[in-house]
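Values in this text are rule-based calculations from the coordinates and carry no lab data. Please read all numbers here as calculations on a predicted model, not as lab measurements. As a convention, Cβ positions derive from the backbone with ideal geometry for all residues, glycine included, and neighbour counts pool all protein chains shown.
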Amino acid sequence: MSELHNVVIIGSGPAGYTAAIYTARANLKPVLFQGMQPGGQLTITTDVENFPGYPDGIMGPEMMEDLRKQAERFGTDVRFDEVTEVDFSKRPFTIKSQFGEIQAQSVIVSTGATAKLIGLDSEMRLMGHGVSACATCDAAFFPDKEVVVVGGGDSAMEEANYLTRFASKVTIVHRREGLRASKIMEDRARANTKIEWALNNTVEEIHAGENGKVKGITLRSTTDDSEQEFGCEGLFVAIGHSPNTKIFTDKLELDAKGYVAVTPGGTATSVEGVFACGDVMDAIYRQAITAAGTGCMAAIDCERWLEEQDL
Ligand code: NAP
């Protein structure tokens, strides 16, 4: 017979840890699975300056470490283990992981989303050192600098426009002539005099200077394969996000983009007793603070649901 717990939280970003802090303080003794990337997306950023309460900013990994400690302080059982399969067809639910199997009266899904990346080794190596997948988070680190945005969708247009508040020049690199972005977003970007275009190009390589930070890229033309060196101090990848919902396919209702569907304004999923919070259910805001907010909501919804069930 496997262990039975009140609440199992799957995922260790700001949403998961906030849900853990709340459910632990409600004496529900949650178990939290950290997954493959403990701390989530914030562990691949450097300074976080937009999370309220840190007047001098904080490093992403340090903030996640603090959140983990805070969750553990109230009794969360944080496990360095990855959930591989769930059975939500009957209660208690079954959660299989790399190192075992446990049962849960309720589950909070906070597996987050992953920014799609171009796929270069240098991109991973320079993440947080000039490469970023979030302009809202990192644009302010590039005052009067020249930066590049990769992508041709609404995200790329939005990030490019946002970056022009700080950067001296923003060049949009897109692999085709035509954009995928909506007309209004494209028009706004085209009207912005700080934005330049490198259409029909891909980023072939990202180069670092002696200080270990981005100093330029190699562009390859998709029309004639020619290459050119291009100087820039920042590279923003804006080619979309994917919610981490693979293990929930056919287990929970997902929306058209693959995000976990929840009740409007709430966190209840299509399965009673399973709640979702953070980027896995939010394609719009995707911020640490909004994830933490929905993590709190999921914990409260879960606690009330357990109470109603007399569990
Ligand atoms: P998207 O619409 O899927 O666009 C992704 C872009 O990245 C495409 O232009 C694509 O090129 C390019 N791309 C994909 N993989 C690439 C690769 N490996 N290398 C180079 N380029 C690559 O994604 P999104 O822009 O994140 O938008 C997602 C959804 O959110 C959309 O429905 C969008 O309308 C919405 N959104 C709305 C707003 C807003 O209204 N304010 C803001 C942001 C996002 P191709 O075009 O060649 O495929």
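Numbers below:
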| item | result |
| --- | --- |
| Selected from 89, 106, 155 as most flexible by GNM, with the chain as the system and alpha-carbon contacts under 10 Å | 89 |
| Amide hydrogen neighbours beyond the local backbone of residue 207, cut-off 5 Å, H modeled | 215, 216, 217, 218 |
| Convex hull projection area averaged over all views, segment 165-311, Cα basis, nm² | 13.1 nm² |
| Overall dimensions of segment 189-250 by Cα: Rg and Dmax, Å | 16.2, 49 |
| Computed lengthening from residue 261 to residue 222, 0.36 nm per intervening residue step minus Cα-Cα distance | 10.2 nm |
| Cut-off under 5 Å, modelled amide H: who pairs with residue 199 long-range | 174 |
| From phi via Karplus (6.51, -1.76, 1.60), per-residue ³J(HN,Hα) for segment 264-275 in Hz, x at Gly/Pro | x, x, x, 10, 6, 9, 6, 10, 4, x, 10, 10 |
| Distant-in-sequence amide H partners of residue 78 (H built 1.01 Å from N, under 5 Å) | 32 |
| Three-way shape call for segment 245-311 based on the alpha-carbon gyration tensor, with the a/c threshold at 1.5 | oblate |
| Of 63, 185, 127, the one that fluctuates the most in a GNM where the chain has Cα springs shorter than 10 Å | 185 |
| Mean separation of Cα contacts under 8 Å, 6 or more apart, over the residue count of segment 117-237: relative contact order % | 31 percent |
| Solitary cysteines of the chain, where the nearest other Cys Cβ is not under 4.7 Å | 232, 277, 296, 302 |
| The chain - percent relative contact order, Cα under 8 Å, separation 6 or more | 21 percent |
| Residue (of 71, 102, 249) at the positive-pole extreme of the chain, dipole from beta-carbon charges | 249 |
| Residue 49-residue 70 FRET efficiency (beta carbon distance; Förster radius 22 Å; 0.05 resolution) | 0.60 |
| Computed E for residue 188/residue 3 - FRET, C-beta separation, R0 51 angstrom, nearest 0.05 | 0.45 |
| Length-normalised contact order for segment 177-311 - Cα pairs under 8 Å, 6+ apart - percent | 12 percent |
| Counted charge near residue 286, where neighbours are those whose Cβ lies closer than 14 Å (Asp, Glu -1; Lys, Arg +1) | -4 |
| When the convex hull of its Cα atoms is projected in every direction, mean area for segment 26-105 (nm²) | 6.5 nm² |
| Restricting segment 82-116 to chymotrypsin sites (Phe, Trp or Tyr not before Pro) in coil, as DSSP defines it, with at most 15 other Cβ within 10 Å | 99 |
| Per-residue ³J(HN,Hα) for segment 119-133, Karplus 6.51 cos²θ - 1.76 cosθ + 1.60, θ = phi - 60°, Hz, x for Gly and Pro | x, 8, 4, 5, 5, 5, 5, 9, 4, x, 10, x, 9, 8, 10 |
| Overall dimensions of the chain by Cα: Rg and Dmax, Å | 21.1, 68 |
| Cβ-defined net charge surrounding residue 146, 14 Å radius [Lys, Arg +1; Asp, Glu -1] | +1 |
| Evaluated at q = 0.19 Å⁻¹: base-10 log I(q)/I(0), Debye formula over Cα of segment 117-237 | -0.98 |
